[in-house]
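Working notes for the structure below.
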Amino acid sequence: DAKTTQPPSMDCAEGRAANLPCNHSTISGNEYVYWYRQIHSQGPQYIIHGLKNNETNEMASLIITEDRKSSTLILPHATLRDTAVYYCIALPGGTSYGKLTFGQGTILTVHP
Amino acid sequence: EAGVTQSPTHLIKTRGQQATLRCSPISGHTSVYWYQQALGLGLQFLLWYDEGEERNRGNFPPRFSGRQFPNYSSELNVNALELEDSALYLCASSSVGQFTGELFFGEGSRLTVL
C-alpha cells in the first residue's frame, strides 16, 4: 500500500472551510484514497473515498490531483464537532485482506 | 439501525490473565475486523473474520486470537496479558466479504492491564 503523508496538525475557524492535504506520491493506479476521522475516544468514522475523480458527499468533498500524487479533503463549513484526527489512507481496489493502514493523521482543531 | 456494539466498555485485568472482548456487527454485515489502538502507536490491524473464517491477521503474537460466530458476532481473546496490551480495542464491520475499505467502527473496549 502506498505511504501517505499528512501535516500533524491544522487549525480552522468555525464556519470556514477546512482543507486537509494528503501526499501519496507513490500511489499506484489501482489504489483508492480513503479518508476517515476519529473524534476523541470514539471509533474511526468513514468520510469519503475516491480513485481519480473528485467526490462529494454529505460530509465532505475529496479533490484528487490529476497525477494522483496528492489529495485534499474539504469540510466546507467546519463546526466545533469536526475537531478530530483525520486519516488519509491509500488502499488497493479489490481484496486488501481487511487491512486499513492508519498513519498518524492530522489533528484538526476547529476554533470558535 | 443499530451500529457496531462492543462490550465491555472498560475492562481491567492483571498481567498473566486473559481478556475476552465482544463485538456485534451491524445487522446484515458478515465481516468483522479488530484493531488495536495503543497510546502512541496508532491504529493497528489485528484480525479480519468473514463468514466464520479468519481471513487475515496482523502482526500480533498468537496469544491474540478470536472467532466469529454463526450470527456474525465476534470475540477477541487475549491470553497471558502483558502491560503493553493496554489499549483501546476497536471492532468494525462491513457488508461484503470482499474488503472495500468502508468500515463501520464501534466505540471500542478499553483494556487496562495492571
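Can you pull out every residue in segment A:31-44 that is outside any strand (DSSP E or B), at the interface with another protein chain (Cβ under 7 Å from one of its Cβ atoms) and either more than 24 Å from B:L39 (Cβ to Cβ) or touching a residue at least 40 places away in the same chain (Cβ under 8 Å) (or both)? Spell out how you get there, then give the answer.
Looking only at segment A:31-44, we keep the residues that are outside any strand (DSSP E or B), and these are A:39-44.
After this cut, where a residue has to be at the interface with another protein chain (Cβ under 7 Å from one of its Cβ atoms) as well, the list is A:42-44.
Of everything in segment A:31-44, just one residue is outside any strand (DSSP E or B), at the interface with another protein chain (Cβ under 7 Å from one of its Cβ atoms) and either more than 24 Å from B:L39 (Cβ to Cβ) or touching a residue at least 40 places away in the same chain (Cβ under 8 Å) (or both), namely A:P44.
Within segment B:86-102, is there a residue that is within 20 Å of B:A38 (Cα to Cα), surrounded by fewer than 18 Cβ atoms within 10 Å (Cβ to Cβ), among the hydroxyl-bearing types (S, T, Y) and within 10 Å of the chain's Cα centre (by Cα)?
Step one: of segment B:86-102, the residues within 20 Å of B:A38 (Cα to Cα) are B:86-92.
With the extra rule that they be surrounded by fewer than 18 Cβ atoms within 10 Å (Cβ to Cβ), the set shrinks to B:86.
Adding the requirement that they be among the hydroxyl-bearing types (S, T, Y) leaves B:86.
Those still in the list that are within 10 Å of the chain's Cα centre (by Cα) too: none.
Scanning segment B:86-102, I find no residue that is within 20 Å of B:A38 (Cα to Cα), surrounded by fewer than 18 Cβ atoms within 10 Å (Cβ to Cβ), among the hydroxyl-bearing types (S, T, Y) and within 10 Å of the chain's Cα centre (by Cα), so the answer is no.
Out of the residues in segment B:36-67 that are assigned to a strand (DSSP E or B) and more than 12 Å from every other protein chain (Cβ to nearest Cβ), which is farthest from B:K13 (Cα to Cα)?
Kept after step one, since they are assigned to a strand (DSSP E or B), are these residues of segment B:36-67: B:36-38, B:42-50, B:53-57, B:64-67.
Applying the additional criterion that residues be more than 12 Å from every other protein chain (Cβ to nearest Cβ) yields B:38, B:64-67.
Working: B:A38: 16, B:F64: 15, B:S65: 17, B:G66: 18, B:R67: 21 Å.
It comes out as B:R67.
Just the residues that are more than 9 Å from chain B (Cβ to nearest Cβ) and among the hydrophobic types (A, V, I, L, M, F, W, C), please, taken from segment A:77-104.
Those that are more than 9 Å from chain B (Cβ to nearest Cβ) and among the hydrophobic types (A, V, I, L, M, F, W, C): A:A78, A:L80, A:A84, A:V85, A:C88, A:A90.
Of all residues being part of a strand (DSSP E or B) and in contact (Cβ under 8 Å) with a residue 40 or more places away in the chain in segment B:68-83, which is surrounded by the fewest Cβ atoms within 10 Å (Cβ to Cβ)? Just the residue, please.
Filtering segment B:68-83 for residues part of a strand (DSSP E or B) gives B:68, B:74-78.
Imposing the further condition that a residue be in contact (Cβ under 8 Å) with a residue 40 or more places away in the chain reduces the set to B:74-78.
On the way: B:S74: 24, B:E75: 17, B:L76: 24, B:N77: 13, B:V78: 26.
Going through the qualifying residues, I end up with B:N77.
Hey, among A:I74, A:I47, A:I107, which residue is part of a strand (DSSP E or B), within 13 Å of another protein chain (Cβ to nearest Cβ), farther than 30 Å from B:E53 by Cβ and of a type in the set (A, V, I, L, M)?
Details: A:I74 fails: within 13 Å of another protein chain (Cβ to nearest Cβ); A:I47 fails: farther than 30 Å from B:E53 by Cβ.
Exactly one of A:I74, A:I47, A:I107 is part of a strand (DSSP E or B), within 13 Å of another protein chain (Cβ to nearest Cβ), farther than 30 Å from B:E53 by Cβ and of a type in the set (A, V, I, L, M), namely A:I107.
Which of (1) under 15 Å from B:Q6 (Cα atoms); (2) at pLDDT below 95 is the odd one out, the single condition B:E107 does not satisfy?
The failed condition is (2).
Is it true that B:G28 is modelled with pLDDT of 95 or more and either outside any strand (DSSP E or B) or under 11 Å from the mean Cα position of the chain (by Cα) (or both)? Please lay out each step first, then the result.
Values: modelled with pLDDT of 95 or more: no; either outside any strand (DSSP E or B) or under 11 Å from the mean Cα position of the chain (by Cα) (or both): yes.
Judged against the criteria, B:G28 is not a match.
The values are calculated or read from the model by the stated rules, or taken from the named source; none is laboratory data. Small disclaimer: the values here were computed from a predicted structure and weren't measured. Note that we place each Cβ from the backbone using ideal geometry, even for glycine, and neighbour counts take in every protein chain shown.
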